[in-house]
Amino acid sequence: MCDVNENVSFPLFRLKHMKICCIGAGYVGGPTMAMIAKQCPDIPVHVVDLNQERIDAWNSDHLPIYEPGLDEVVKEARGRNLTFSTRVDDAIQEADIIFISVNTPTKTFGIGAGRAANLEFIEKCARQIAKNAKGHKIVVEKSTLPVRTAEAVKRILSSECSGATFDVLSNPEFLAEGTAIDDLLNPDRVLIGGESEDAIETLCSVYARWISREQILTTNLWSSELSKLTANAFLAQRVSSINAMSALCEETGADIDEVARAIGSDSRIGPKFLKASVGFGGSCFQKDILNLVYLCEHFGLREVANYWEQVVVMNDYQKRRFSEDIVKTMFNTVSDKKIGIWGFAFKKDTNDTRESAAIYICRDLLRERARLCIHDPRVPEKQIRQELLLACTDMSGHLTEKDRWLVENNISIANDCYEAADDAHAIAVLTEWDQFKALDFEKVHASMHRPSFLFDGRNLLDQAAMDAIGFEMHSIGKSSNRKNRPSS
Ligand code: NAD
Ligand code: UDX
């Protein structure tokens, strides 16, 4: 094996001719690189992916992801200094800075299945870079990775003996979906971890085009890698904490929104991320906590692992609790009853459904033989059906005929919320889309069976207004849930 020349001098004058590439044109690679290209018109930015369909979409008027403000940013830079293609080898050869932004899902097989991160795609990228690189390259970990992954990346990069030299930096991404453009434009901070001052400074100089230097934090490699997992664990923990209290509120007559306001006014706690919900979803929180749990177990830190695992346990409980409440409230049976599902994305303003709480609630209601009519403003039918089939499939890849039949026959997709609610016994609000607040609720109510149940999994709608119209409304963390439930 050859040595990686970690501290090779990297003169900053090269900045003038800098080229960037990013491997992985997903929810992070696409928007992040579009923003860099927008803010640095003189730097060519080439985003590459193996997925031809995704690349074609990035080159079209229908981008593969929905994100407010993204279309404008892409339109401004695409064709000027922003390119999308599948030419991975060429992009590596031409670039000075190579971002790796590929997916790092939870392993579904072998050692660590269900917990550890699957680093297969990261390793393949590192090998492809090693094979194609000439001269000096800065390789940037943009994907979220277990702490000390950079060590493995460095070893792989050095395995080809091609004469190329590398610096490896960690630069985790903190954007949240639905607000990605604003998060990228005005981030709380940018984090760069590394060993080479020159490489760190080169990457800093890119972000410094639009972000103040005080907001660019630099650390060692391991702190940077671990900070990303820690940030997601803390954020998810807040959601599980408020959701845990929502269950207690329902038993005691306290109101979770009032409790959140009261504790959030304490400046040490702060008001953000205290919205009780049907449970957190998204591609990151669960995956990253499980990865953290696996790491802690690996280092023999059982108590620490157990502590963080509870955040996921609580989230599973919250999702299950919601679907069970629906069944119990509706006289202990939803069989053959139509339930309108409003929202399927894991949060508003995204078309992403990965790990959405809606998937598991719909699956549980389907298995109770409910007929679900689903509407989401941004999620297509094919994606909804795929997610539900996947949720019904066990770890060994087995899908029962009954589950397949239910997904094929007991799911219909509505063009709007009115259609989803028409002739329904209940509505479940699973995503907090703003447009759901502005509906004609008298019309919705008139089209439903009596009692007209409304299960608000996002505490989105005004309880008093819904009561006045005649809905029987059940929200998260409000005691009416208990009061109106028949005994089983
Ligand atoms: P994604 O699945 O949307 O995109 C990843 C892309 O990488 C896919 O299009 C895939 O085809 C491509 N890819 C995989 N292997 C490849 C290879 N060898 N060569 C070329 N392309 C390859 O994933 P994402 O949501 O963008 O997440 C990427 C990383 O960023 C993950 O580690 C994730 O944890 C992290 N992250 C995600 C978010 C988020 O909000 N989605 C936020 C912060 C960090
Ligand atoms: C998260 C992190 O916020 C972001 O910094 C990281 O880069 C990627 O992971 P994301 O998953 O896109 O971002 O969205 P986020 O706003 O964090 O919401 C995650 C889930 O938690 C959603 O399902 C959301 O509805 C839920 N949530 C969030 C709540 O239920 N209550 C809250 O108060 C906040």
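What follows is calculated from the coordinates using simple rules that are stated; it is not laboratory data. Because the structure is predicted, anything quoted here is derived from the model rather than measured. Ideal geometry is used to build each Cβ from the backbone, glycine not excepted, and the neighbour counts take in all protein chains shown.
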Positive-end extreme of charge dipole, region 12-219 - chosen from Val168, Gln52, Val190 (charges on Cβ): Val168
Expressed as a whole-number percentage, the relative contact order of the chain with C-alpha contacts under 8 angstrom and at least six residues apart is 13
Subtracting the Cα-Cα distance of Phe109 and Thr230 from 0.36 nm times their residue separation yields 41.1 nm
What residues qualify as long-range amide H neighbours of Ile427, i.e. H under 5 Å apart, gap of 5 or more or another chain, H built at 1.01 Å from N? Gly340, Phe453, Leu454, Phe455
Any idea which of Leu390, Val313, Gly340 is furthest toward the positive side of the dipole for region 270-411, if Lys and Arg beta-carbons carry +1 and Asp and Glu beta-carbons -1? Gly340
Work out the count of Lys pairs in region 74-192 where the Cα-Cα distance is under 21 Å, with the pair 8 or more places apart or on different chains. 11
Give the cross-link partners of Lys348 among the aspartates and glutamates, using a straight C-alpha distance below 14 Å as the criterion and excluding same-chain residues fewer than 8 apart. Glu67, Glu177, Asp376, Glu432, Asp434
What does the charge dipole of region 48-115 about its Cα centre add up to, to the nearest 20 debye, if the Cβ of each Lys and Arg holds +1 and the Cβ of each Asp and Glu holds -1? 360
Cα centre as origin, Lys/Arg/Asp/Glu Cβ charges: the chain dipole, Debye: 500
Under the rule of -39500 (n - 2.57) per DSSP H run of 4 or more residues, summed and divided by the residues of the chain, what mean residue ellipticity at 222 nm is obtained, to the nearest 500 deg cm²/dmol? -13000 deg cm²/dmol
Nearest-0.05 FRET efficiency for Asp316 and Arg385 at R0 = 41 Å, using Cβ-Cβ distance, is 0.95
Quick one: Cα centre-to-centre distance for region 16-90 and region 239-262, in angstrom? 42
Distance in nm between pseudo-label sites at Asp336 and Arg268 (7 Å out along the Cβ direction from Cα): 5.8
Where does helix 381-392 land angle-wise versus the long Cα axis of the chain, in degrees 0 to 90, nearest 10? 80
